[in-house]
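These notes are about the structure you will find just below.
The values are calculated or read from the model by the stated rules, or taken from the named source; none is laboratory data. Everything numeric in this text was worked out from a predicted model, so none of it was measured. Neighbour counts are summed over all protein chains in view; Cβ atoms, including those assigned to glycine, are modelled from backbone coordinates with ideal geometry. Protein only, heavy atoms only, side chains kept; ligands, DNA and RNA dropped before computing areas. Shrake-Rupley method; radii C 1.70, N 1.55, O 1.52, S 1.80 Å.
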Amino acid sequence: MIKNNRLAVALPLLALAVSLTACGGDADTGADMGAAPSTGSAPMATGGGAPTAGESAAAAPFGTACSAVPASGKGSFTGMAEDSVATAASNNPVLSTLVAAVKKAGLVDTLNSAEDITVFAPTDDAFAKIDKAALDKVLADKKMLTDILTYHVVQGRKTPADLADGSFATLQGGKVTTSGSGQDYTVGGAGVVCGNVSTRNATVYIIDTVLMPKK
């Protein structure tokens with residue numbers, strides 16, 4: 001009788017221990033499952049899996065003029081990324097003069113069909129710095145206009161790191177030098193006011209001065 005009583009007490013205790021062990025295992029598994037989504041979502045949070053805040057910032061457009069870009073629609077950063085560069089620029093409110101010049105020079109198809117290029121795009125304010133008579137003269141001379149516009153285009157998608165101390169051959173045939181760090185860069189002496197903007201076939205750096213090829 002005593003042995004049977006002891007067995008009757010031991011069995012429920014054993015069952016309770018197994019139950020508690022099982023609950024503990026579920027808790028550990030739940031923690032692991034919670035950690036997995038955190039790891040998997042990290043690349044999305046940093047824009048391509050960049051491990052540091054600096055690299056994450058470098059992957060996104062930067063600069064004071066970026067605030068003029070629409071938050072949504074074809075002219076937004078997302079919308080521009082879906083179009084080739086000349087088409088994307090036509091939807092950007094700060095590049096209307098550049099777009100008109102590109103059309104006048106007949107370069108829309110050339111830029112849209114190019115693969116992996118970088119365009120240094122002067123703002124409307126940059127063109128406004130040029131004397132009107134001089135600008136009108138340039139716009140009336142297709143060869144001169146083409147030389148100036150193609151001087152703003154280089155082969156390859158250049159990252160901010162590439163611009164830190166760069167010298168690039170332009171589509172016009174001359175060379176343009178770049179320098180800077182962080183979010184402060186210059187291109188041939190012009191300041192980058194909105195950099196690292198992606199389009200379907202190009203990376204765009206919007207600049208505050210029109211570049212002139214050296215004769």
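Looking only at the stretch 56-89, how many residues end up being part of a helix (DSSP H, G or I), open to solvent by 60 Å² or more (accessible area, probe 1.4 Å) and without any contact (Cβ under 8 Å) to a residue 12 or more places away in the chain? Give the derivation first.
Initially, the stretch 56-89 is screened for residues part of a helix (DSSP H, G or I), giving 56-58, 64-68, 77-81, 85-89.
From the residues that got through so far, the ones that are open to solvent by 60 Å² or more (accessible area, probe 1.4 Å) too are 64, 67, 77-78.
So of that shortlist, the ones also without any contact (Cβ under 8 Å) to a residue 12 or more places away in the chain come out as 67, 78.
Within the stretch 56-89, residues that are part of a helix (DSSP H, G or I), open to solvent by 60 Å² or more (accessible area, probe 1.4 Å) and without any contact (Cβ under 8 Å) to a residue 12 or more places away in the chain number 2.
I'd like to verify a number: residues in the stretch 190-212 that are open to solvent by 20 Å² or more (accessible area, probe 1.4 Å) and closer than 18 Å to Thr87 by Cβ, how many?
Summing the residues that are open to solvent by 20 Å² or more (accessible area, probe 1.4 Å) and closer than 18 Å to Thr87 by Cβ in the stretch 190-212 gives 2.
With the checklist (1) without any contact (Cβ under 8 Å) to a residue 60 or more places away in the chain; (2) farther than 14 Å from Val204 by Cα; (3) assigned to a helix (DSSP H, G or I) in hand, flag the one item Leu98 doesn't pass.
The single condition Leu98 does not satisfy is (2).
Condition first: buried (at least 16 other Cβ atoms within 10 Å of the Cβ) and touching a helix residue (DSSP H, G or I) at 6+ places or on another chain (Cβ under 9 Å). Now tell me which residues in the stretch 157-173 satisfy that.
Pro160, Phe168, Thr170, Leu171, Gln172
Does any residue of the stretch 38-53 turn out to be part of a helix (DSSP H, G or I), at pLDDT 90 or above, of a type in the set (A, V, I, L, M) and under 27 Å from Thr178 (Cα atoms)? Outline the logic, then answer.
At the first step, the residues of the stretch 38-53 found to be part of a helix (DSSP H, G or I) are 38-45, 53.
With the extra rule that they be at pLDDT 90 or above, the set shrinks to none.
No; the residues of the stretch 38-53 include none that is part of a helix (DSSP H, G or I), at pLDDT 90 or above, of a type in the set (A, V, I, L, M) and under 27 Å from Thr178 (Cα atoms).
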